[in-house]
Structure formats: structure tokens, C-alpha cells
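First comes the structure, then the notes that go with it.
The values are calculated or read from the model by the stated rules, or taken from the named source; none is laboratory data. Keep in mind the model is a prediction, meaning the values are calculated, not measured. Note: ideal-geometry Cβ built from the backbone for every residue, glycine included; neighbour counts use all protein chains shown. Accessible surface is based on the protein model in full, side chains and every heavy atom, while ligands, DNA and RNA are left aside. Shrake-Rupley method; radii C 1.70, N 1.55, O 1.52, S 1.80 Å.
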Amino acid sequence: MTDVVSRIAYAGRSGSIDPSPSLGAGAVARPAWMDELAVRLESVAPEWFSRFLPPEEGGRESAVLILFGPPPAGAEDDGDHVVLIERSHTMRTQPAQIAFPGGSRDPEDDDLVATALREAEEETGVDPAGVEVVAQLPSLFLAPAQFVVAPVLGWWARPSSIGVRDPAEVHDVLSVPVSHLVDPATRFSVTHPSGYVGPGFDLDHLLLWGFTAGLISSVLELGGLSQPWDADVMRPLPERYLAGRRA
């Protein structure tokens, strides 16, 4: 059963986020803004997404799935949602961080799109057959972990039930309304003791920041969905997110 708090749906440790019964059995057409975003990507330099670009050599190939879709059962709005995970609190790196489903490329993966879909299925139960791949964004570099990350943008045309599939890696699964993410009241800048300053989003008792927040912010802006917000509102990163390497 879908648990909705402040418009955000949570699966919980043993629950699920279920498709809305109103969707029926057919595919849900993806919104025009995603097609327009895919066209704009053709003229956007990788540096627009991040100043941290992959080195010419080295780095571990990986991918994340940026999955947008229709609202789940119990949602209080009828707009698009995006799937996020809360990483396990016991992980060695980035414990409790909010992230996209994803992980390292396996030798059996045909490409990085296959990596993103496989990891999302393993972590949340997303059925890859129901996902339309819209675009692959430029790969970015996570220097602390030495990951070269390919963000894969997808539309959830045929949603399936999702929830925590691997408790060793995932603490919770979230379905977050785009309307919540673009609301100026939920947005601010996060400051890290290292000197890092970047976008942040309030998610009830959770905080979306770092690599994932930067990607979300860029995708929303490129899709023409962003609303003006005050980047001069600064909040220090809470102590609980300082464990492990930077997200």
C-alpha cells in the first residue's frame, strides 16, 4: 500500500508504491516536456550539467536511472513523479543519501542503459519492460568514488509496484511529485564543510542534495519546468549526511 506524506509517496522498509488503478492496462503517453528536453540535449555541452567531467582514462563505469512517470496510487496530485531511493543507513559510502536507482556496469550489460535498468530493477523492482528510454545524458565524474556515471532519462509508460528489494543497499523508495521539486518553498542552497555549495530540496524529513540534486535541478531547468527560487538561502548540510564520502 502506498504511504503518502506531504505529497511524497514512500514504500517503507517492507511496503510498496503501487500504480494508480485509474491508469488501466495501456501505456501512458510521456509528456511533451520530456521530448523537448531530449531535443535540447543535442545542443547542450556536458559542462552544463557539471564541472566534473570524466577523465580521458580511468573511472568505473556506472549508470543511474532518472525515471519520471504518472502519479502512483494515493497521490494527492495528478502531475508527473520521479523515483528516488534512500540509500541504506549502514552503507560504507553515502549512507542515508537520497539518490537515483543505479550502480556499476556488469560485464553482462550490453550498454549503460542496460546497467541503469538492471540496477533499478534490483534495487526497487521497477519492471524494465515498462520503461521508455528517452535519452542518455552526458556522463559525469564522481571523483571521490572514481565513478563515471551515465544518467539515463526514462518515462514510466507502464508502471509496476516498487519497493525495497535489496535492504543492504536501499532503506526506502520514494515517488516525488515534480510539483514538489519545482516549488520555490522546497528549494535552497546546501553548504558543506568542504566548501561545496549546491542545490538542495526538502523532502519531508529527508534532504536531497549533491550529485542527485544537481542532476534533478538541471533536468527540470532543461525541461522548462523550473520556477524561480532563491539560491541565496543557505543551509548547512545536516550532521547525519556527513558520514561517508560526498554524494
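Before we move on, is residue 232 open to solvent by 40 Å² or more (accessible area, probe 1.4 Å), under 16 Å from the mean Cα position of the chain (by Cα) and modelled with pLDDT of 90 or more? No, not satisfied.
The set of residues in the range 190-238 that are closer than 20 Å to residue 172 by Cα and either in contact with a Cys (Cβ under 8 Å, 6 or more places away or on another chain) or of a type in the set (Asp, Glu) (or both) comprises 202, 204.
When 116, 73, 96 are checked against the criterion of being touching a strand residue (DSSP E or B) at 6+ places or on another chain (Cβ under 8 Å), surrounded by 16 or more Cβ atoms within 10 Å (Cβ to Cβ) and within 25 Å of residue 36 (Cα to Cα), a single residue qualifies: 116.
Every listed requirement among (1) open to solvent by 20 Å² or more (accessible area, probe 1.4 Å); (2) closer than 20 Å to residue 68 by Cα is met by residue 173 save one, (1). Among the residues of the range 91-142, those identified as assigned to a helix (DSSP H, G or I) and hydrophobic (A, V, I, L, M, F, W, C) are 112, 113, 114, 116, 117, 120, 129. The set of residues in the range 137-154 that are surrounded by fewer than 18 Cβ atoms within 10 Å (Cβ to Cβ) and not hydrophobic (A, V, I, L, M, F, W, C) comprises 138, 144, 146. Within the range 147-169, residues that are touching a residue at least 40 places away in the same chain (Cβ under 8 Å) and farther than 25 Å from residue 95 by Cα have Cβ atoms under 7 Å from residues that are part of a strand (DSSP E or B) and open to solvent by 50 Å² or more (accessible area, probe 1.4 Å) in these pairs: 154/132; 154/133; 155/132; 157/132, counting only partners at least 6 apart in sequence or on another chain.
Residue-level check: of (1) farther than 21 Å from residue 112 by Cα; (2) at pLDDT below 85; (3) of a type in the set (A, V, I, L, M, F, W, C); (4) assigned to a loop (DSSP other than H, G, I, E, B), residue 53 misses just (1).
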